[in-house]
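Peer 1: The following block contains the structure, expressed as structure tokens.
The values are calculated or read from the model by the stated rules, or taken from the named source; none is laboratory data. Small disclaimer: the values here were computed from a predicted structure and weren't measured. When we count neighbours, we look across all protein chains shown, and the Cβ atoms used for this are built from the backbone with ideal geometry, even at glycine.
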């Protein structure tokens, strides 16, 4: 049984090679609105009205930061790269197979090589309370499915959240105590004519989906 929603979900994959083509802002806004539709248990916060404080439940406690500026992207890379590099060095011993995969990807990348954001035109930060991790994760999934439906590729990049070592980055993202970065998610148009080496390397990196484990009761 297939329909357009199921087909879109089945087409989603992590894309790591992008065209430099900018994404129109109306498309980015549509993707964010789709993310904003995710279900949530809400998050309790304190607000001040008329000089009095009261507690309310915010059912959309997340927010979004869209990064397109090349200089800020470079600042993000410079902040994260030492962490990524140290992690990869450790992988040589603890996860040699994954290390080899990462090195193969690096070899087939075009200059300038970027193993963090894959030179995607847009980095989309989803930021929300630590205690609302389930809701924020569902926001990210909505975003990636919406991206596929609009002809875009996406990839959830965990290294992209490791930015707290730079005070300027923290200030620009307006990160507050108790908040967490979910993702970020990179977005862009998948590379149109990847080389044979790039295609085969990415195919190796992409794990084959197993059949679901189901117990019927």
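Peer 1: Taking only segment 3-15 into account, find how many residues are touching a strand residue (DSSP E or B) at 6+ places or on another chain (Cβ under 6 Å) and part of a loop (DSSP other than H, G, I, E, B).
Peer 2: The total comes to 1.
Peer 1: Residue 140 - would you say it is part of a helix (DSSP H, G or I), under 24 Å from residue 74 (Cα atoms) and touching a residue at least 60 places away in the same chain (Cβ under 8 Å)?
Peer 2: Answer is yes for this residue.
Peer 1: While we're looking at this one, here's another question. So, residue 107, is that one more than 20 Å from residue 140 (Cβ to Cβ) and assigned to a strand (DSSP E or B) or not?
Peer 2: No.
Peer 1: Do we find that residue 179 is loosely packed, with under 15 Cβ neighbours inside 10 Å and touching a residue at least 24 places away in the same chain (Cβ under 8 Å) in this structure?
Peer 2: On the way: loosely packed, with under 15 Cβ neighbours inside 10 Å: no; touching a residue at least 24 places away in the same chain (Cβ under 8 Å): yes.
Criteria not met by residue 179.
Peer 1: Is there a residue in segment 61-72 that is surrounded by fewer than 12 Cβ atoms within 10 Å (Cβ to Cβ), free of Cβ contacts under 8 Å to residues at least 24 places away in the same chain and in a helix (DSSP H, G or I)?
Peer 2: So far as segment 61-72 goes, yes, one or more of its residues are surrounded by fewer than 12 Cβ atoms within 10 Å (Cβ to Cβ), free of Cβ contacts under 8 Å to residues at least 24 places away in the same chain and in a helix (DSSP H, G or I).
Peer 1: Exactly one of these conditions fails for residue 20: (1) out of contact with any helix residue (DSSP H, G or I) (no Cβ under 6 Å at 6 or more places or on another chain); (2) under 27 Å from residue 204 (Cβ atoms); (3) not in a loop (DSSP other than H, G, I, E, B). Give me its number.
Peer 2: (3)
Yes/no matrix, rows are residues, columns are (1) part of a strand (DSSP E or B); (2) modelled with pLDDT under 90; (3) in contact with a strand residue (DSSP E or B) (Cβ under 6 Å, 6 or more places away or on another chain); (4) within 21 Å of residue 82 (Cα to Cα):
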position: 160; (1), (2), (3), (4): no, no, yes, yes
position: 171; (1), (2), (3), (4): no, no, no, yes
position: 183; (1), (2), (3), (4): yes, yes, yes, yes
position: 194; (1), (2), (3), (4): no, yes, no, no
position: 215; (1), (2), (3), (4): no, no, no, no
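Peer 1: Which of the residues that make up segment 38-53 are surrounded by 10 or more Cβ atoms within 10 Å (Cβ to Cβ) and over 29 Å from residue 207 (Cα atoms)?
Peer 2: Those that are surrounded by 10 or more Cβ atoms within 10 Å (Cβ to Cβ) and over 29 Å from residue 207 (Cα atoms): 40, 41, 42, 43, 44, 45, 47.
Peer 1: Here is a further query. Would you mind stating whether residue 34 is at pLDDT 95 or above and part of a loop (DSSP other than H, G, I, E, B)?
Peer 2: Criteria not met by residue 34.
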